[in-house]
1. Given region 369-424, what strands (runs of 3 or more DSSP E) lie entirely inside it while holding 2 or more residues that are under 12 Å from L478 (Cα atoms) and at pLDDT below 95?
2. I'd like to check something: does region 55-64 contain any residue that is assigned to a helix (DSSP H, G or I), more than 15 Å from the chain's Cα centre (by Cα) and crowded, with 24+ Cβ neighbours inside 10 Å?
3. Check whether at least one residue in region 122-133 is at pLDDT below 95, closer than 26 Å to P241 by Cβ and within 26 Å of the chain's Cα centre (by Cα), and report yes or no.
4. What residue, of A316, A352, A361, is closer than 27 Å to G438 by Cβ, buried (at least 18 other Cβ atoms within 10 Å of the Cβ) and out of contact with any strand residue (DSSP E or B) (no Cβ under 6 Å at 6 or more places or on another chain)?
5. Listed residues L460, L456, L443; which is surrounded by 15 or more Cβ atoms within 10 Å (Cβ to Cβ), touching a Leu at 6+ places or on another chain (Cβ under 6 Å) and under 23 Å from P320 (Cα atoms)?
6. Out of the residues in region 148-168 that are of a type in the set (D, E, K, R) and in contact with a Phe, Trp or Tyr (Cβ under 9 Å, 6 or more places away or on another chain), state the one that is farthest from P73 (Cα to Cα).
7. For a quick check of your reading: which helices (runs of 4 or more DSSP H) sit entirely within region 71-143 and have at least 3 residues that are in contact with a strand residue (DSSP E or B) (Cβ under 6 Å, 6 or more places away or on another chain) and of a type outside the set (F, W, Y)?
8. May I ask you to list the residues in region 276-300 that are on the phi < 0 side of the Ramachandran plot and among the polar types (S, T, N, Q)?
Amino acid sequence: MPRWIFILTLFLAGIPASAAERPNVLFILCDDLRWDCLSCAGHPHLNTPNIDRLAREGVHFKNAFCTTSLCSPSRASILSGQYAHTHGVMNNFTEYPGDLASFPRALHDTGYATSYFGKWHMGEDNDSRRPGFDYFVTHKGQGKYFDNEFNIAGKREVVKGYYTSVVTEMAEQWIDQQEAGKPWLCMLGHKAPHSFYVPHPKHAKAFDDVEVKYPDTAFKLEDKPGWIKQRLGTWHGIYGPLFDFRKKFPDSSPAAVKDFESMTRAYWSTILSVDDSVGRLLKLLEKRNELENTLVIFMGDNGLLNGEHGMVDKRAMHEPSIRVPILARHPSLGKRDRPKAINQLVLTIDMAPSILELCQAPPLKNIQGRSWVSLVQKGDPNWRKSFLYYYNYEKQFSYTPNVRGVRTEEWKFIHYPHGDGSPDKHMAELYDLKNDPGERVNLARDPRQATRQAELRAELERLKKELGLEKDPMPLDLGIGSALPDPKIR
């Protein structure tokens, strides 16, 4: 966006001229945060006032999605604006390519001071500084909720304390050292609320009085493909170990819901610490008189199934797995007293081009995402009406088959290719999301929906062609396994 257009936009919106400077960027990324686990998203028990402030004073993308519901591929898509088959990070063990452009590197090259604190999670055994960042603090692997060994400016040291609080303090210190007038990017990668869920002691009993039951869809599997039933007692099923909250498994007894209840309460509690973190950072920006010239982004890398259809974890294409929360606050996106809710389909691949446009930086080349800036500011009648989702079968986590699907504003079609060109290994799924948002009734075998299903299959193929995925290489589906994954990669 030319600078004069940017400044004119702010003027017409009644925003002070001082805000016409290139904005700072505070990017807060959560791990496995469901789209509905915020009070601004209507959660009945979670109270997240600081995160809600971003929605109240900014933009709430209410239909936001990842394109592969797996941490590393999704994080690489956020950075690059590309699908996984394009950027190459197809699993949780692959590095972000050193020669691949990213929005942090683009901002750095245009004069931004850049930093990253917390969970990077691309390259399990690498905690070194990544390209595009002046200051970089991370750790190897998944990290722990307490007492992590961080690589701080090339020196490893165990930092005592609760993960969320520790990385927040690191980010605060770095921001407070930035000179006024020079734009900066600070990315904060929380571990929370990724398993194994351990709340901060002050939040550990926050939901002790809340009764938690299995979702009703956990028992409505008659019309679902067989793989969903096969994984009920596995690492990713509700009768399985539940990330160590259940010690003896599989357990389908009614009393075993208590383990599910404990797991869910702990998951929610870790989110409360994230909200505390957001409050601290907003307070710091106000203290530095920088809040109105800082683009604040809050989002999750992918969703999480928490009992729906009998599943835990992510990877599948069902709504809790693929939907993510995205909130953005900056004066150029609208006035504080006029919050916006965007209902169009926004994707993780849209973040890089949007941030670069707002920061007046050159766009990335060969990307598949689109900037949502015009969509937010004035609407976009040509915005996408559908998107492609996929996931590739993993031998290390053999509980989910190959997934290929298309989601529109009102419908979803999912199928499960075998991987060798032979007929699909499992029954397909078709959902009328307008009338069945919980995906309770699979319409794939309803003859009245044959035309609809054919149309969605055709749209899926069109999207694959558009995205350069016509040949679509995928691993062979070796079947649903029951063995626990290696503890080192959980």
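The values are calculated or read from the model by the stated rules, or taken from the named source; none is laboratory data. On a predicted model such as this, the values are computed, not experimentally measured, just so you know. All Cβ positions, even for glycine, are placed from backbone atoms using ideal geometry, and neighbour counts span all protein chains on display.
1. Ranges flagged: none.
2. Yes: one or more hits.
3. Yes, the conditions are met somewhere in region 122-133.
4. Criteria check complete, one pass: A316.
5. L443
6. Filtering region 148-168 down to residues of a type in the set (D, E, K, R) leaves 149, 155-157, 160.
Now narrow it down to the ones that are in contact with a Phe, Trp or Tyr (Cβ under 9 Å, 6 or more places away or on another chain): 156-157, 160.
On the way: R156: 26, E157: 28, K160: 30 Å.
Among those that are of a type in the set (D, E, K, R) and in contact with a Phe, Trp or Tyr (Cβ under 9 Å, 6 or more places away or on another chain), it is K160.
7. Values: elements: 71-80, 84-87, 103-109.
By residue number, 103-109.
8. Answer for region 276-300, where residues must be on the phi < 0 side of the Ramachandran plot and among the polar types (S, T, N, Q): S277, N293, T294.
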